[in-house]
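The values are calculated or read from the model by the stated rules, or taken from the named source; none is laboratory data. All figures in this text were calculated on a predicted structure; none of them were measured in a lab. Positions of Cβ are generated from backbone atoms using ideal geometry, with glycine treated the same way; all protein chains shown enter the neighbour counts.
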Amino acid sequence: MTAKKLDVNEVVLKIGHKVEDLATDQDRIPFRSGDLRKSIQTTLVGKGVATVGSNLPYARAVHDGRPAITIVPNVRKNPPYGYRRHKNPKKAALKFKVGGQTMFRKKVRQGPRKGKPFLREAVEELQKQGYDWLLEDLARKYGKELIKDLPEKIHLDMDF
């Protein structure tokens, strides 16, 4: 009987999915519409390398926070739908609804927002928990001898 060779990609994907599960816990990730939670994915990017993250443009601001910003209309980049009555950027305004009332403003200021580092917290929790869950699963498939020194070889890089 020949021993199976350990599939490194399988191991990193299992770890990535565990981080994904921990990061998307209901008490950890901020929830407004659920889009951020649904967008968290584990992707294999190379041999023995996987990433866990989101492709949403606001995901980093939610995770890390952001400073105060001022939002102004950008007529050239984001023209409104339909016929434009004017081409003058000075006449352009932001349009939004507040409490059912339509409002127009030249600019809107939003205060700073504190971050909620749900991915970093998930990685830290996984490192505290250890890898017993992974070793039990892999021991059944590959045997205990092949995986005995695996935890020392695992490195989670938190490049946020």
Open item on the list: Take the conditions under 17 Å from the mean Cα position of the chain (by Cα) and part of a helix (DSSP H, G or I) and apply them to Ala61. Does it pass?
Closed with: yes
Open item on the list: Need pairs with beta-carbon distance below 7 Å; first residue within 18 Å of His17 (Cβ to Cβ) and within the stretch 108-131, second surrounded by 14 or more Cβ atoms within 10 Å (Cβ to Cβ) and basic (Lys, Arg); sequence gap 6+ or separate chains.
Closed with: Phe118/Arg28; Glu121/Arg28; Ala122/Arg28; Leu126/Lys18
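Taking the residues in the stretch 103-130 that are under 25 Å from Ile71 (Cα atoms) and of a type in the set (Gly, Ala, Ser) as candidates, determine which candidate is surrounded by the fewest Cβ atoms within 10 Å (Cβ to Cβ).
Looking at the filtered set, the residue picked out is Gly111.
To keep it simple, each residue is scored yes or no on (1) under 22 Å from Glu125 (Cα atoms); (2) modelled with pLDDT of 85 or more; (3) out of contact with any strand residue (DSSP E or B) (no Cβ under 9 Å at 6 or more places or on another chain).
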| position | (1), (2), (3) |
| --- | --- |
| Glu10 | yes, yes, yes |
| Val19 | yes, yes, no |
| Ala23 | yes, yes, no |
| Lys38 | yes, yes, yes |
| Asn55 | no, yes, no |
- [ ] Exactly one condition in (1) part of a helix (DSSP H, G or I); (2) within 21 Å of Asp64 (Cβ to Cβ) is not met by Arg28; state its number.
- [x] (1)
- [ ] Please enumerate the residues belonging to the stretch 64-121 that are in a loop (DSSP other than H, G, I, E, B), under 26 Å from Lys38 (Cβ atoms) and modelled with pLDDT of 75 or more.
- [x] Gly115, Lys116, Pro117
Task: From Arg60, Arg28, Arg32, residue being in the same structural domain as Ala139 (by TED's automatic domain parsing), surrounded by 15 or more Cβ atoms within 10 Å (Cβ to Cβ) and more than 30 Å from Lys144 (Cβ to Cβ) - done: Arg28
